[in-house]
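The numbers here are math on the coordinates, done by the rules we state, and not lab data. Keep in mind that what you see is a predicted model, and the values were worked out from it rather than measured. So basically every Cβ, Gly included, is an ideal-geometry build from the backbone, and we count neighbours across all protein chains shown.
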Amino acid sequence: DAGVTQSPTHLIKTRGQHVTLRCSPISGHKSVSWYQQVLGQGPQFIFQYYEKEERGRGNFPDRFSARQFPNYSSELNVNALLLGDSALYLCASSRDSAMNTEAFFGQGTRLTVV
Amino acid sequence: RKEVEQDPGPFNVPEGATVAFNCTYSNSASQSFFWYRQDCRKEPKLLMSVYSSGNEDGRFTAQLNRASQYISLLIRDSKLSDSATYLCVVNPYSGGGADGLTFGKGTHLIIQP
């Protein structure tokens, strides 16, 4: 069975540009969450989607947006990139949105903003 | 006060030794707890969920103390392959919506031959 897949794996962008990151969850999983991890820190929650609806949002600016498609895959969009957006962006897949449901991460997209 | 606190280490431990990590969490309404391990420049991987009754998976034992709001992980007979960063993770509860997982900064473990 395929795990969580994210694309691209690495990306270099210039300040002010826009980026779209993609995630496909584990087959049968309906919930996708996005996290940002900067060096030396634990991942920080950005969004959770379940059944194509936003269920939660972390403390990130409106430049960050996301959506979930009918096949449960998801996109994370970041506008007007800043140097501080450089990080590993992780997608987590879970069966449902219940609090005790285990989450499984993709390999991440490493974004560098120059 | 940070929501999930861990000793960042590093913990340098000889192979075969037993090592224990603790973490504390601030939200007393938190409902679920996990340990993840993360290798350098890789994604976090679920190690185990943590239940109120405690749980064991091979050489790994996790405990939850709700009264004191801390979670522990014990690794017995440590192997070189246990070298990694161990992330304490809490699913908080605010009464509505999804708050996502809250991660500690991680504890860095180095097993030495």
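Annotation: of all residues in region A:13-37 being within 11 Å of chain B (Cβ to nearest Cβ) and over 9 Å from the mean Cα position of the chain (by Cα), the one that is nearest to A:PRO61 (Cα to Cα) is A:GLN37. Restricting the search to region B:1-43, which residues are of a type in the set (Val, Ile, Thr), more than 12 Å from B:LEU87 (Cβ to Cβ) and part of a strand (DSSP E or B)? Listed by number, the residues that qualify are B:VAL13, B:VAL19, B:THR24. Within region B:57-65, identify whether any single residue is at positive phi, without any contact (Cβ under 8 Å) to a residue 60 or more places away in the chain and either surrounded by 15 or more Cβ atoms within 10 Å (Cβ to Cβ) or within 14 Å of chain A (Cβ to nearest Cβ) (or both), and answer yes or no. The answer is no, given that none of the residues of region B:57-65 is at positive phi, without any contact (Cβ under 8 Å) to a residue 60 or more places away in the chain and either surrounded by 15 or more Cβ atoms within 10 Å (Cβ to Cβ) or within 14 Å of chain A (Cβ to nearest Cβ) (or both). Taking region A:60-111 as the range and being closer than 30 Å to B:TYR51 by Cα, touching a residue at least 12 places away in the same chain (Cβ under 8 Å) and acidic (Asp, Glu) as the test, only A:ASP96 passes.
Summed over region A:86-108, residues that are more than 8 Å from chain B (Cβ to nearest Cβ), more than 18 Å from B:PHE103 (Cβ to Cβ) and touching a Phe, Trp or Tyr at 6+ places or on another chain (Cβ under 9 Å) total 1. Consider region A:39-85 and keep the residues that are at the interface with chain B (Cβ under 10 Å from one of its Cβ atoms) and out of contact with any strand residue (DSSP E or B) (no Cβ under 7 Å at 6 or more places or on another chain). The one that is surrounded by the most Cβ atoms within 10 Å (Cβ to Cβ) is A:GLN41.
Scanning region A:62-114 for residues that are assigned to a loop (DSSP other than H, G, I, E, B) and closer than 22 Å to A:THR14 by Cβ turns up A:ASP62, A:ARG63, A:ASN79, A:ALA80, A:LEU81, A:LEU82, A:SER86, A:GLY108, A:VAL114.
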